[in-house]
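Have a look at the structure below, then the notes.
FYI, it's all coordinate maths here, none of it is from the lab. Remember, it's a predicted structure, so these values are computed and weren't measured experimentally. Glycine also receives a Cβ, built like all others from the backbone with ideal geometry; neighbour counts cover every protein chain displayed.
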Amino acid sequence: MPLRNISWESFKNMCPEDKARYLKEGKLFHVLLAQQFSRENLDKLGMLATHIRRIAKEKEGLIFLQELLRHKRAMLYFSQPSTRTFLSFCAACQILGISIGEVRDTSTSSELKGESQEDSVRTFSSYFDIIIMRSQIGGLAERMAWVLSNSERPVPIINAGSGKDQHPTQALLDIYTLQRSFEKRGGIDGKTIVFVGDLLRGRTVRSLSILLRYYKDVKQIFVAPPQLQVAQDIMDILTASKVSFELSSDFEKVIPRADAIYMTRIQDEWDSEKGESARIDTSKYWFTARHLSLLKSDAVIMHPLPRRNEISTEVDHDPRAVYWRQMRNGMWIRTALIATIFGQDQVILNYQGNN
Ligand code: NCD
């Protein structure tokens, strides 16, 4: 059981790479940090997601999948807004036959009566077999995982977005989207990935950038207004891993070099004073129809969504705009992840079906 043999104080103060070492003990259990995955994990999860996607095309296949974990229950504890992450986790559970409980608004739970999040999570673990949680508090999922690992009901915690720090399952679906997009072009190795927008506070960028380190000769280019440029800790991680990266504020100049452009919205919910980021001119960092001609013919445009103005809707119909597929990939990779946590990966890979 990961995290059982370490005190909270020691775990809390470790760097993410050291924390990940504890999470890698034994089979996949808590999913908290991008750092806990390896290239091998990413290849396996992608392969499993593709298997699941194919099996789910047939009614018999879907019924097979729904039988696998009918005896399990999942709790979705989302105290921060979410559409895609919440719904794709719901759909992933439904594909595997898992029943779902949810708390999305803590003003309807006993947290309003002053119950701590720790006690809430311990309560969930009394009724459910896995807890999928999103919180505005960075590191909360880690704390909860430690609490449960050291309780009588250690159930796995999946971090579905924590504060400004990490969103590991978004990074998994982003990697899966890149794997699929570059399937016939030698995979992700050697590609140039351009991140655009609020790179300072966007947790999806942080987690994906960390996972991209596992691919050979990938170049990462961070394009943002100077105030929203990627944080120093990510640059330090990339430097330590000898990853080639660049910072830029000239979006148009970078577009022709990209194999994938990863757009993000301004995360103004983190502004320290109201209207702070509205004062930054971000319009130079918007992808519009005009930019399509600058982009390589086989490049892809991604976005974790939700979007605002940073990708104009005219771009949606271009075959290089893959953000809708990316969103659906979230359902498949999350299904693969949950199936792996509950030890069903091999059963799924062995399924023959009619196709
Ligand atoms: C992202 C998030 O919540 O961090 N959304 C998502 O999970 N698809 C990105 C965002 O909110 O901008």
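Things to note:
- One quarter of the surface of the convex hull around the alpha-carbon atoms of the range 1-43 equals 3.0 nm², the direction-averaged projected area.
- The alpha carbons of the range 284-337 occupy a box of 38, 25, 17 Å along the principal axes, longest dimension given first.
- Modelled spin labels at GLU102 and ASP236, positioned 7 Å past Cα toward Cβ, are 3.8 nm from each other.
- Taking only alpha carbon atoms, the range 1-159 gives an Rg to Rh ratio of 0.98, where Rh is the Kirkwood radius.
- Across the chain, C-alpha contacts under 8 Å between residues 6 or more apart give a mean separation that, scaled by the residue count, equals a relative contact order of 18 percent.
- For the range 232-283, the Stokes-Einstein estimate of translational diffusion at 37 °C and a viscosity of 0.692 mPa s comes to 236 µm²/s, using the Kirkwood hydrodynamic radius over alpha-carbon pairs.
- Using a cutoff of 8 angstrom between alpha carbon atoms and counting only pairs six or more residues apart, the relative contact order for the range 84-169 works out to 24 percent.
- Relative to the 2.2 N^0.38 Å rule of thumb, the range 260-301 has a C-alpha radius of gyration ratio of 1.52.
- Dividing the convex hull volume of the alpha carbon atoms of the range 37-109 by its residue count gives 116 Å³ per residue.
- Diffusion constant of the chain at 37 °C, which comes from Stokes-Einstein with the Kirkwood Cα-pair radius and 0.692 mPa s, µm²/s: 157 µm²/s
- 12 Å Cα-Cα reach of LYS12 towards aspartates and glutamates, excluding residues that sit fewer than 8 places from it in its own chain: GLU142
- If the segment from ASP217 to GLU152 were pulled out straight at 0.36 nm per residue, it would be longer than the present Cα-Cα gap by 18.9 nm.
- Calculated mean residue ellipticity, 222 nm, the chain: -11500 deg cm²/dmol, from DSSP H runs (n ≥ 4) at -39500 (n - 2.57) each, averaged per residue and rounded to 500.
- If the chain linking SER7 and THR313 were pulled fully straight, counting 0.36 nm for each residue of separation and taking away their Cα-Cα distance, it would gain 105.2 nm.
- Nearest-0.05 FRET efficiency for GLU276 and SER297, computed from C-beta distance (R0 30 Å): 0.15
- Inter-label distance for SER283 and ASP18, nm, one decimal - labels placed 7 Å from Cα along Cα-to-Cβ: 4.8 nm
- The range 80-210 - convex hull of alpha carbons, volume per residue in Å³: 136 Å³
- Spatially proximal lysines relative to LYS57 (Cα-Cα < 26 Å; intrachain offsets below 8 disregarded): LYS44, LYS72, LYS184
- Rotationally averaged projected area of the range 146-281 (alpha carbon convex hull; nm²): 10.2 nm²
- Straight-distance crosslink candidates among lysines, where the alpha carbon sits under 28 Å from LYS274 and sequence neighbours closer than 8 are dropped: LYS164, LYS284
- Normalised by residue count, the range 139-188 yields a Cα convex hull volume of 84 Å³ per residue.
- Whole-number D in µm²/s for the range 175-245 (Stokes-Einstein; Kirkwood sum over Cα pairs; 10 °C, 1.306 mPa s): 128 µm²/s
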